[in-house]
Amino acid sequence: MTDSALEAIHIVKRFGSVEANRDANLSVGAGEIHAVVGENGAGKSTLMRVLAGLFVPDAGTVRVHGRNVTGWDTRRAIAAGVGMVHQHFMLVPTLTVAENLVLGQEPTRGVRLDLAAASESVNSLCARTGLRVDPSRRVDALSVGEAQRVEILKVLYRGARILILDEPTAVLSPPEVRELWTVLRTLKARGDTVVVITHKLDEVAEISDAVTVMRAGETVGCLRTQDATPAAIARMMVGRDVVLAGDLVRHGDHAPGAAVPDVARRVALEVTDLVVARPRQRPAVDGVSLVVREGEIVGIAGVEGNGQTELIEALAGLRPTEAGSVRLNGREIVAFDVRARADVGISHIPEDRQRRGLVLEYSIADNLILGLQHRFAHRGVMQRDRVRRNADRQIEAFDIRPPRPDVPARALSGGNQQKIVVAREMGRDFSVLLAAQPTRGVDVGAIEFIHARLRAARDGGRAILLVSADLVEVLALADRVAVMYEGRIVVTLPRAQASAEVLGPYMTGAQRGAKLS
Amino acid sequence: MSAILRGHASTVRFLFGGSVVVVLLGVLAGTIALGGFPVGASLQSLVRGSIGSPDALLSATFVRASPLLLTGLAVALSFRSGVFNIGAEGQLVVGAAAATFVAIRAEQWLDVWTVPVELAAAAAAGIAWAIVPAWLRRRFRVPEVITTIMMNFLATFLVSYLVRGPLQEPTRVYPQSSTFAELARIPTVHPMVRLHWGFVLAILLALFLGWALRHTASGFRIIAVGVNPRAAEETGRIDVDRLTWLVFLGSGALAGLAGGIEVGGVTYALYDNVSPGYGYTAIAVALLAGLQPVMVVPSAILFGGLSAGAAAMQRDVAVPAGFVEFVQALIILALLAAPHIVAFMQQRLARLQAVEQQGAR
């Protein structure tokens with residue numbers, strides 16, 4: 001790789017006492033798609049931010065096309081054609097696509113904003129890059145995938161030829177991921193260079209030309225993708241052998257809960273004809289009925305935005321329901337609010353951990369008892385030693401890093417934040433667990449671990465309703481698989497009969513079936 | 001809100017790191033000089049009147065700090081839970097009115113119980129005044145910032161009416177109540193000073209609240225609600241509406257108590273302008289304390305001292321008290337901005353150093 005577009009050499013970046021990057025090296029060839037993989041907290045995002053000029057490294061060198069640019073700021077990075085697409089979108093929801101794109105460098109006629117010119121330049125950019133978005137739509141009306149495309153366009157609009165994408169697929173549904181790959185290939189064909197952070201090894205194989213693996217702040221290796229196997233990359237990431245969820249599916253040694261759907265087993269959760277309304281649209285959940293028995297995992301597959309989120313939120317008591325019944329162990333709870341439902345045994349791993357699942361300002365220890373504070377208090381006084389012991393135990397059990405109970409949750413990587421939520425929700429007494437995207441944005445080691453915990457809970461007689469945009473995950477965990485499409489459950493199959501090939505047509509609406517079980 | 005909290009943690013360190021006193025005196029000196037007054041004599045008088053003697057501390061600074069302390073706690077507590085109670089001023093003056101009512105109407109038969117009942121009445125009045133905006137917030141989501149400010153005006157005019165009507169002194173000459181009898185006065189801690197037990201009560205309350213926020217389940221809930229109400233409700237299983245309602249009323253009680261302590265311990269009568277804006281200064285007191293109850297104590301004493309010193313300056317050198325208020329406002333601005341400016345400069349410096357390092361290679 002003599003012709004490196006982007007190079008990082010011996011980068012060191014510290015935050016207080018934490019070394020996020022210890023000795024990070026990266027060399028991205030011009031015109032290639034380069035994947036950066038690593039566990040949560042391995043320092044991927046930090047390194048990318050150093051490259052994009054958001055962070056100044058404590059040591060080391062950054063080069064762009066051979067030119068030393070260490071310590072530059074985002075403005076100069078953009079001027080040099082390096083742009084970053086962040087994991088969390090930075091768009092103004094009330095503005096249109098065109099307005100968002102030109103924000104900061106608006107075309108004007110006199111002192112007036114020339115929206116026609118803005119729209120025009122956006123259209124021509126779309127045409128050049130093959131990224132399709134209607135410039136006149138408001139951003140808050142866009143799907144997640146479309147919003148991400150706007151983010152990419154925004155960076156391109158500012159003239160970037162080297163794009164850094166921080167976990168772009170974490171928020172996307174499978175079809176959206178495929179569209180993203182098309183976009184990235186178009187950019188590559190145009191001669192642009194792309195750096196993609198990801199957790200998912202199949203994505204590495206699918207899209208990248210080369211892959212750099214990071215572990216504990218260091219880069220442990222750089223491979224041509226064609227020479228690498230997912231297992232080898234996983235081993236480099238974690239430093240040991242890992243059972244990949246995909247392997248289970250492929251090799252068929254899936255271990256469902258004792259005898260697969262056992263009709264005699266007690267019904268823990270029974271949902272009948274549930275309707276969740278949406279303003280001025282068809283209902284988000286349109287008459288869903290399902291049953292989850294003790295000791296079974298029911299997985300809901302489907303393209304995101306087909307009512308899964310609304311269903312889970314309605315079951316958790318976070319969203320009003322229009323009609324239908326929800327029974328927990330035979331008891332009608334549809335009128336219960338979120339607290340009452342938690343009290344009778346519903347546990348919930350929310351999709352949006354930062355907004356709903358955590359108090360980011362609170363320490364790891366305090367987040368681990370959020371919602372259980374009354375149990376850690378004696379006559380209203382918090383028993384700090386018990387809180388601390390609970391934290392030590394959970395941090396150890398779930399391998400939360402850094403293993404320091406007093407660190408605020410804000411300082412943790414997304415995957416470790418997720419571990420706090422999972423640890424807490426699975427640590428309390430519950431009979432039904434609603435798990436929404438339980439491993440989104442989590443590294444392979446932690447995925448393996450969270451999956452093992454979910455199976456253990458199932459084997460312990462708990463009922464689990466799983467929603468995941470990741471079909472591989474649903475197939476790896478569920479005893480029965482239901483597919484949601486446009487607010488309805490279009491098919492329910494025992495795991496043995498479910499496969500990507502069988503479920504695919506239902507997920508895209510190409511086929512509608514009757515309930516089989 | 002959380003940004004405010006984080007910002008102010010460093011403000012607290014800055015404020016009580018000592019350098020603040022120098023800055024403060026510098027700005028004040030400059031302003032006085034600009035006004036054409038003798039700087040040396042003015043500053044001397046300011047210091048003498050605030051911290052220059054035990055008597056200045058005990059009869060002036062601490063006395064003026066007492067209502068600031070209680071209203072500062074009221075503001076800090078409510079802000080921590082995400083309730084922006086700007087109505088401490090109104091709650092204070094109705095508290096003062098209620099205490100006055102008890103003191104001059106019921107002192108005869110309450111006997112030694114007059115002061116406790118007086119203070120209870122003050123707190124109850126503060127709650128009553130907070131109930132309106134709290135209910136509007138809970139029932140209709142009316143922003144409390146607006147409603148509490150409006151309630152302040154109502155309270156001020158209500159007291160104006162009371163001291164010219166039902167509570168006016170018997171001769172009907174002055175717009176004020178009659179003076180409290182001995183039994184209705186909060187005793188001073190020592191016969192020689194004006195400092196009353198209300199100050200001690202305020203400090204105990206500050207310590208208690210500081211402890212309670214940190215170490216009780218309720219405190220855990222209050223802070224969670226303040227920084228992330230959604231997670232508090234959905235994951236924390238906290239009834240956010242109920243909790244903020246209770247905190248709102250508690251905040252009103254503290255502010256009302258401040259009014260009771262002011263009339264029962266200092267003025268011994270109710271009159272127009274019984275509060276020179278304590279409830280507003282309280283917002284600065286609370287913010288400067290980083291919304292931490294225990295830090296409200298030094299913060300209130302600082303403002304109490306400035307106010308006591310200003311009075312002395314006015315008395316001795318005829319510097320208008322407005323000058324000190326002007327400087328107080330400048331100080332608040334500077335202190336609120338300082339931590340952010342320092343952080344910005346540090347960031348810049350780090351960037352420059354990194355660039356230089358590269359250049360040297």
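The values are calculated or read from the model by the stated rules, or taken from the named source; none is laboratory data. This one's a predicted model, so the numbers in the text were calculated from it and none came from an experiment. Please note: Cβ atoms are built from the backbone with ideal geometry, for glycine as well, and neighbour counts cover all protein chains shown. Only protein heavy atoms, including side chains, enter the accessible area calculation; ligands, DNA and RNA are left aside. Shrake-Rupley method; radii C 1.70, N 1.55, O 1.52, S 1.80 Å.
Below are the figures for this structure:
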item: Qualifying residue in the range A:389-405 (condition: assigned to a helix (DSSP H, G or I), within 13 Å of another protein chain (Cβ to nearest Cβ) and either in contact with a helix residue (DSSP H, G or I) (Cβ under 7 Å, 6 or more places away or on another chain) or farther than 20 Å from B:Leu213 by Cβ (or both)); result: no
item: Residue satisfying all of: in the range A:347-360; open to solvent by less than 10 Å² (accessible area, probe 1.4 Å) and either more than 22 Å from A:Arg404 (Cα to Cα) or out of contact with any helix residue (DSSP H, G or I) (no Cβ under 8 Å at 6 or more places or on another chain) (or both); nearest to the other protein chains (Cβ to nearest Cβ) among these; result: A:Pro350
item: Leading residue by the ranking (nearest to the chain's Cα centre (by Cα)) among those in the range A:465-496 that are surrounded by fewer than 19 Cβ atoms within 10 Å (Cβ to Cβ) and at pLDDT 90 or above; result: A:Arg488
item: Filter pass, B:Glu144 being among the acidic types (Asp, Glu) and closer than 20 Å to B:Thr71 by Cβ; result: yes
item: Residue count for the range A:135-168, restricted to those that are touching an Asp or Glu at 6+ places or on another chain (Cβ under 6 Å) and not in a helix (DSSP H, G or I); result: 1
item: Meets criteria (part of a helix (DSSP H, G or I) and touching a strand residue (DSSP E or B) at 6+ places or on another chain (Cβ under 7 Å)) for B:Phe248; result: no
item: Breaking point among (1) under 24 Å from A:Glu206 (Cα atoms); (2) open to solvent by 70 Å² or more (accessible area, probe 1.4 Å), for A:Met84; result: (2)
item: Odd one out for A:Ala228, checked against (1) open to solvent by less than 60 Å² (accessible area, probe 1.4 Å); (2) touching a helix residue (DSSP H, G or I) at 6+ places or on another chain (Cβ under 6 Å); (3) modelled with pLDDT under 85; (4) of a type outside the set (Asp, Glu); result: (2)
item: Boolean, B:Trp135 is among the aromatic types (Phe, Trp, Tyr), assigned to a helix (DSSP H, G or I), buried (at least 22 other Cβ atoms within 10 Å of the Cβ) and touching a helix residue (DSSP H, G or I) at 6+ places or on another chain (Cβ under 9 Å); result: no
item: Hey, B:Ile283 within 14 Å of chain A (Cβ to nearest Cβ), touching a residue at least 40 places away in the same chain (Cβ under 8 Å) and open to solvent by less than 40 Å² (accessible area, probe 1.4 Å) or not; result: no
item: Total residues in the range A:433-464, condition more than 23 Å from the chain's Cα centre (by Cα) and of a type outside the set (Gly, Ala, Ser); result: 3
item: Near pairs, Cβ below 6 angstrom, 6+ apart or cross-chain, from the range B:222-250 (within 7 Å of chain A (Cβ to nearest Cβ) and on the phi > 0 side of the Ramachandran plot) to any residue that is basic (Lys, Arg) and assigned to a helix (DSSP H, G or I); result: B:Arg237/A:Arg339
item: Test set (1) open to solvent by 10 Å² or more (accessible area, probe 1.4 Å); (2) without any contact (Cβ under 8 Å) to a residue 40 or more places away in the chain; (3) within 14 Å of chain A (Cβ to nearest Cβ) - B:Ala217 fails condition number; result: (1)
item: Those helices (runs of 4 or more DSSP H) lying entirely in the range B:189-237 with at least 2 residues in contact with a Ser or Thr (Cβ under 6 Å, 6 or more places away or on another chain) and under 19 Å from B:Ala56 (Cα atoms); result: B:197-215
item: Any hit, the range A:28-51, residues being within 14 Å of another protein chain (Cβ to nearest Cβ), open to solvent by 10 Å² or more (accessible area, probe 1.4 Å), hydrophobic (A, V, I, L, M, F, W, C) and closer than 17 Å to A:Ala160 by Cβ; result: no
item: Matching residues, the range A:82-114, being assigned to a loop (DSSP other than H, G, I, E, B) and touching a strand residue (DSSP E or B) at 6+ places or on another chain (Cβ under 6 Å); result: A:Glu106, A:Asp114
item: Among residues of the range B:314-361, those that are outside any helix (DSSP H, G or I) and at pLDDT 75 or above, counted; result: 3
item: Of the criteria (1) away from every other protein chain (no Cβ under 14 Å); (2) surrounded by 24 or more Cβ atoms within 10 Å (Cβ to Cβ); (3) modelled with pLDDT of 90 or more, which one B:Ala289 fails; result: (3)
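Conditions tested, residue by residue: (1) more than 10 Å from every other protein chain (Cβ to nearest Cβ); (2) over 15 Å from B:Thr235 (Cβ atoms); (3) buried (at least 19 other Cβ atoms within 10 Å of the Cβ).
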site: A:Ala314; (1), (2), (3): yes, yes, yes
site: A:Pro320; (1), (2), (3): yes, yes, no
site: A:Tyr362; (1), (2), (3): no, no, yes
site: A:Leu368; (1), (2), (3): yes, no, yes
